[in-house]
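These notes concern the structure reproduced below.
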Amino acid sequence: MQPRSLVTGGAGFLGSHLCSYLLDKGHYVIAMDNLITGKIANIEHLQGDNFKFIKHDVTEYIFIAGKIDYIWHFASPASPLDYLQLPIHTLKVGALGTHKALGLAKEKNAGFLLASTSEVYGDPLQHPQEESYWGNVNPVGPRGVYDEAKRFAEAMTMAYFRHEHVDTHIVRIFNTYGPRMRPSDGRAIPTFIPQALRNEPISIFGDGSQTRSFCYVDDLIEGIYRLMMSDFHEPVNIGNPHEMTIKEMAELIIKLTGSSSELVYETLPVNDPKVRQPDTRLAKNLLDWQANISIEEGLTRTIQYYKNLFDIE
């Protein structure tokens with residue numbers, strides 16, 4: 001029997017890549033999205049007999065006819081620009097949306113995977129961050145709407161595993177990049193590349209010394225798939241442990257694009273994490289997974305996407 005998968009947030013950056021991956025694996029895929037931050041353009045190329053799109057807000061009751069084998073819960077604003085503009089919806093999709101999706105998983109006896117985030121670690125006091133670390137999050141700060149929504153979603157997911165016997169999985173996603181990221185979403189790479197391609201000043205928050213560990217989307221999706229197919233239920237970090245400063249990232253993008261852009265510095269946002277690096281030993285031991293695409297290769301592919309998007313030779 002052909003497996004049937006529901007991907008909430010399926011028209012978003014990560015969700016659309018996951019839909020494509022699942023189709024390649026032979027799944028029938030239902031993408032669900034309310035299109036607040038997702039775009040139909042991300043999934044237009046997927047239209048076919050094995051793909052269906054449903055416009056729906058997952059904070060409302062979810063009805064899907066027939067069997068569902070896997071539910072991949074990716075619905076949520078994910079960039080600071082988005083969740084700071086949509087704070088109530090971000091909290092609702094993390095709480096009510098996760099509840100609705102888990103209820104459907106229970107009804108359908110489906111595997112369930114929550115797309116959580118490294119933001120559950122907050123501005124970490126442990127470095128690198130391993131899954132046993134409880135985090136350093138400000139619940140009443142502006143970023144708390146996203147951080148706490150995901151922390152609640154993890155707690156809800158574990159409750160359904162322990163008390164409702166749903167086959168759940170939790171991935172903590174570290175800074176992922178690649179084609180289909182909205183150039184206006186406020187995150188570093190989709191901000192820096194368009195600025196570099198236009199030879200505009202590249203805007204860096206703070207002094208650029210804060211670190212991130214960037215993972216190319218194809219590597220991430222492979223790790224997520226392996227996690228869903230495993231029998232492990234606690235959170236697992238999926239990310240590239242190659243740590244670099246934001247300034248180093250901007251300088252690398254300038255080099256790879258041949259840009260004449262200069263760096264300009266802006267005020268650091270409140271509670272912006274100073275460091276971010278995944279401890280990926282669990283993913284390696286449990287899933288035989290590690291990030292394989294180098295930052296140079298991943299950026300080259302992403303730069304080409306933006307060149308095509310902006311019709312730049």
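All of Gly103, Gly94 fail the test of being over 15 Å from Arg276 (Cβ atoms) and surrounded by 18 or more Cβ atoms within 10 Å (Cβ to Cβ), apart from Gly94. The helices (runs of 4 or more DSSP H) falling completely within the stretch 123-242 that include 2 or more residues that are outside the structural domain of Val264 (by TED's automatic domain parsing) and either on the phi > 0 side of the Ramachandran plot or at pLDDT 95 or above (or both) map to 144-164, 217-228.
Number of residues in the stretch 282-303 that are touching a residue at least 60 places away in the same chain (Cβ under 8 Å), surrounded by fewer than 14 Cβ atoms within 10 Å (Cβ to Cβ) and either part of a helix (DSSP H, G or I) or of a type outside the set (S, T, N, Q) (or both) equals 2. In summary, Asp49 fulfils each of the numbered conditions (1) under 26 Å from Val236 (Cα atoms); (2) of a type in the set (D, E, K, R); (3) out of contact with any strand residue (DSSP E or B) (no Cβ under 8 Å at 6 or more places or on another chain) with the single exception of condition (1).
Exactly one residue out of Ala196, Ala188 is out of contact with any Pro (no Cβ under 7 Å at 6 or more places or on another chain) and either farther than 22 Å from Tyr146 by Cα or of a type in the set (Asp, Glu) (or both), and it is Ala196.
Pairs meeting the criteria (first residue in the stretch 215-228 and over 18 Å from Pro179 (Cα atoms) and without any contact (Cβ under 8 Å) to a residue 12 or more places away in the chain, second residue of a type outside the set (Lys, Arg) and surrounded by 20 or more Cβ atoms within 10 Å (Cβ to Cβ), beta carbons under 9 Å, at least 6 apart or on different chains) are lacking.
The values are calculated or read from the model by the stated rules, or taken from the named source; none is laboratory data. Predicted model, so just to flag it, every value in this text is computed and none were measured. No Cβ is skipped: glycine too gets one built from the backbone with ideal geometry, and neighbour counts run over all protein chains shown.
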